[in-house]
1. In vacuum, with every alpha carbon of the chain counted as one equal point scatterer, what does the Debye formula give for log10 I(q)/I(0) at q = 0.09, 0.12, 0.13, 0.16 Å⁻¹? Two decimals, please.
2. What is the total of Lys pairs in segment 208-321 with C-alpha atoms under 16 Å apart, excluding same-chain pairs fewer than 8 positions apart?
3. For the chain, what does -39500 (n - 2.57) per DSSP helix run (n ≥ 4), summed and divided by total residues, give at 222 nm, in deg cm²/dmol to the nearest 500?
4. What number, in percent, do you get for the relative contact order of segment 14-96 if the mean sequence gap of Cα pairs under 8 Å and at least 6 apart is divided by its residue count?
5. At a threshold of 8 angstrom on Cα-Cα distance, excluding pairs fewer than six apart, so keeping six or more, what relative contact order does the chain reach in percent?
6. Cut-off 18 Å, label point 7 angstrom out along Cα-to-Cβ of TYR104: give me the residues of segment 1-40 whose amide nitrogen falls inside.
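Each value in this text was obtained by applying a stated rule to the coordinates, not by laboratory testing. Note that the structure is a prediction, hence the values are computed from the model and not measured. Every residue, glycine among them, receives a Cβ derived from its backbone with ideal geometry; neighbour counts consider all protein chains shown.
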Amino acid sequence: MEKHIFFKKKNIKLSQLFPKIKLQKDFVVNSVKPLDKAKKNDLSFLDSVKYKDISIKTKVSACITNINLEKYLPKTTDKIIVDNVLFELAKVLKKIYPYSDLDYIDSSLKPPKKKLFSGVKFGNNVLIGKNVKIGKNSQIGSNSIIEKDVQIGKNCVIGYGSILRNSILGNSVVIQDNCKIGQKGFGFIPLKNKNFKFPHIGKVIIEDNVEIASGCTIDRGSVDDTVIGENSYLDNQVHIAHNVKIGSNCMIAGQVGFAGSSKIGNNVQVGGQAGISGHLKIGNNVKIGGGSGVVDNVEDNQIIMGYPARSLKEFLKKNKK
């Protein structure tokens, strides 16, 4: 699942991307990946000191960073020193993956040929893209769209009016009506005259036995993937932003929002209309009260509530009448 199967890639050398940088070694960039997944001939980025523990162990051949953070990278890694890491990364992604900055129309969409999908039931007006794979005993509801290269496992149910792109689903996944999964996330670099759209080359991975209720939106990853762990349940109108990782056996109530790149542990319960800020780590067995605003990391086995969210004991003490 590590390959960028949904986006065409151009073969470009590192020296072509950064002609003014003196390099230890030139190579055709194999892929752009996060520091912990990147390997030889990959390109990555480091834009915050909070990732220094990962950066010192990375095996990446080259990394876009700034002058203050280069010390946290191995000597064997070429340091691409820039003023604005994310802007340079966005420009590079656009060059290597030119069709990842927008959700372009899938011109391969056609009504399904049932001989290609043995054991699959389709409703009316379903459209299927090129190279789609759907497992046996799955059902696709009327007016749903499954775009090119999407993979759906066995015994899955896709409700009416849902759109899936850039996604891989495991077995026994239920997606109810009017869900949008795998679209580009919210990301841009603000410039003086025109914002520069941040390309999203990741995908959505939904593991076995996940159920997603009506009207949910799950964005694909930007450089990493968005992942929903097995046996997790999402209520209606939940929004999951790019790169979010939700663990297994999680229960997410209605209208909860997860900002980008947050990591949610296993057995986490989130009450309705709560919001989780970006780049946070929520531990295992955490319970978050409805309407809470989580702005800091949360350790394992905590019960929190309020805005900003704090321990339930502190919340009740402060709000005691």
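1. Result of the Debye calculation: -0.52, -0.88, -1.00, -1.29.
2. Details: LYS245/LYS263; LYS245/LYS281; LYS263/LYS281; LYS263/LYS287; LYS287/LYS313; LYS313/LYS321.
For segment 208-321, the number of qualifying lysine pairs is 6.
3. Theoretical 222 nm ellipticity from helices: -2000 deg cm²/dmol.
4. Details: 143 pairs, mean separation 19.3, N = 83.
For segment 14-96, the relative contact order is 23 percent.
5. Numbers: 924 pairs, mean separation 25.7, N = 321.
That works out to 8 percent.
6. Residues 4-12 qualify, since their backbone N sits under 18 Å from the label point.
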